[in-house]
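Peer 1: What follows is a single structure, and I will ask about it in a moment.
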Amino acid sequence: DILDSQLAKWFDGFVGMGSALEPETGRFYAMVDYGLQNKEANLDDNYVLGFEIKVREGEVIPEGGLLVEAYCSGLSTEMHNYGQTSFDDGSRNGSISDMAVSPKLIVVGSFNSREDWICLDGRRSYYVANDPDYFKPGYISGFSSFGTLADGREMPMVVAPGATVISSFSNPYMRASGSADNLLSGNIAEEVRNNYYIQMQGTSMAAPHVAGSIALWLEAYPELTYSECIDIVKRTAIRDDAYDRLPATHIGQGGLGKFDAYGGLKEVLKLGAAGIGSVSADRTEPLVVPAGERLFTVTLPGAQQLNADLYDLSGRRVVSAAGEGELRLDCAGLAAGIYVLRVNSVSTRIVVR
């Protein structure tokens, strides 16, 4: 009664509690369900709801202490000790969705690719957060969930661009919601309708980057197995300075690093060049990727030592490079046009713009 009367001074709402003993595991579960709204006397949050876990008098505490795991929904609740030494602070470790914990999944977190964007009305919009690194480009997104599972697995596996991503926006939803030009980021007009684009952020934006890239890997090498794919994702993940700056309390939030679509593709093509079973590949095209203004990286799956020569359409050799693993082909002095690139004994065409 005293608790109820004290609570009623500062809040409107309810607090409920339930408990159960799980028969399969023998573990005790308790749930606190509440919905509270500050009264006028507590608009400055001088009072907050907390809970204590007490052991009954005479109860034997196991050696090593009493292990209690507490979780909150994360949608409307966070656990903070507010500087009170008798209370524990919450941790983001464990916020990973239960949909992501099944085996044979590639679980993807988010990192920031941008923190601002231009809207259709021409104005620049940007995110605001108390933590300056929450949406900072290159950093792991502050909202990206993570967790260490009971079997020791750490989720997510990798992170990919998830904030901010300009993505397609439902035309019917746009009309129903009345989203204005100061929110939308793009518009492509067709005869029958307008196609809109809007900024979005979340791991739902990051996961398609990985799924689409792996689809391309499978197109390059359809025999790629799940185990091979996982191995390549792990080996090629990038750990940069922003990754290394993760606080100790958030280790694991960045997975093994940032997903490297290009680095992974090179590894996939190596598998394809090695052949399938007893059947070996007789020809593999050079992989040429723009790396800057009139600068390209060149690899040839299955070949470690590379010799590259670039010819103009008159047959004159204009650029040469040699080395191991990957070459950088500098075409800064060339005129724009089509050229023939010969890497070892294999030729392909490239366009210098």
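The values are calculated or read from the model by the stated rules, or taken from the named source; none is laboratory data. What you are looking at is a predicted structure, and each value in this text was computed from that prediction instead of being measured. No Cβ is skipped: glycine too gets one built from the backbone with ideal geometry, and neighbour counts run over all protein chains shown. We work out accessible area using only protein heavy atoms, side chains counted, and drop any ligands, DNA or RNA first. Shrake-Rupley method; radii C 1.70, N 1.55, O 1.52, S 1.80 Å.
Peer 1: Setting aside same-chain residues fewer than 8 positions from K39, which lysines have a Cα under 18 Å from its Cα?
Peer 2: The qualifying lysines are K9.
Peer 1: What's the center-to-center distance, using Cα atoms, between segment 80-143 and segment 334-353 in Å?
Peer 2: 43
Peer 1: For the pairs K136/K266; K104/K270; K234/K258, flag any whose C-alpha to C-alpha distance is greater than 18 Å.
Peer 2: Cα-Cα > 18 Å for K136/K266; K104/K270; rest within.
Peer 1: Please express the shape of segment 136-247 as an equivalent ellipsoid: the semi-axes are the square roots of 5 times the eigenvalues of the C-alpha gyration tensor, given largest first in whole angstrom.
Peer 2: They are 33, 20, 13 Å, listed from largest to smallest.
Peer 1: So, one more: Give the percent of DSSP beta bridges with both residues in the chain that are antiparallel, rounded to the nearest 5.
Peer 2: Once the DSSP bridges in the chain are tallied, antiparallel ones form about 90 percent.
Peer 1: Using a 1.4 Å probe and ignoring any ligands, DNA or RNA, find the accessible area of K258 and quote it in Å² to the nearest 10.
Peer 2: 20
Peer 1: Another one. Can you send over the carbon and sulfur percentage of the accessible area for segment 1-59, probe radius 1.4 Å, protein chains only?
Peer 2: 51
Peer 1: Could you report the accessible area of H209 in Å², rounded to 10, computed with a 1.4 Å probe on the protein chains as they sit in the structure?
Peer 2: Solvent-accessible area, nearest 10 Å²: 70 Å².
Peer 1: If you don't mind, another one. Taking the Cα atoms of segment 219-267, report the difference between the largest and smallest coordinate on each principal axis, in whole Å and largest first.
Peer 2: So the extents along the principal axes, rounded to whole Å, are 40, 18, 13.
Peer 1: Evaluate 2.2 N^0.38 Å with N set to the residue count of segment 25-108, then give the Cα radius of gyration divided by it.
Peer 2: On the way: Rg = 17.1 Å, N = 84, 2.2 N^0.38 = 11.8 Å.
Against the compact-globule rule of thumb, the ratio is 1.44.
Peer 1: Using a Gaussian network model on the chain with a 10 Å cutoff between Cα atoms, which of V108, V55, V68 fluctuates the most?
Peer 2: V55
Peer 1: Now for a different question. Express the Stokes-Einstein translational diffusion coefficient of the chain in µm² s⁻¹, to the nearest whole number, given a Kirkwood radius over alpha-carbon pairs, 4 °C and a viscosity of 1.567 mPa s. Write out the running numbers ahead of the final one.
Peer 2: Numbers: Rh = 25.5 Å.
In µm²/s, the coefficient rounds to 51.
Peer 1: May I ask you to list the trypsin sites (Lys or Arg not before Pro) in segment 288-343 that are in a DSSP loop and have at most 14 other Cβ atoms within 10 Å of their Cβ?
Peer 2: Hits after loop and neighbour filter: R316.
Peer 1: I've got another one for you. With every protein chain in place, what's the accessible area of T297 (1.4 Å probe, Å², nearest 10)?
Peer 2: 10
Peer 1: With +1 assigned to the C-beta of every Lys and Arg and -1 to the C-beta of every Asp and Glu, and no other charges, what is the dipole magnitude of segment 209-353 about the Cα centre in debye, to the nearest 20? Present the calculation step by step, with values, prior to reporting the outcome.
Peer 2: On the way: 15 positive and 17 negative charges, 62 e Å.
Roughly 300 debye, rounded to the nearest 20.
Peer 1: Also, I was wondering about something else. Can you sort L287, L67 by 1.4 Å-probe accessible area, starting with the largest? Present the calculation step by step, with values, prior to reporting the outcome.
Peer 2: Values: L287 30, L67 145 Å².
So, going from the largest accessible area down, we get L67, L287.
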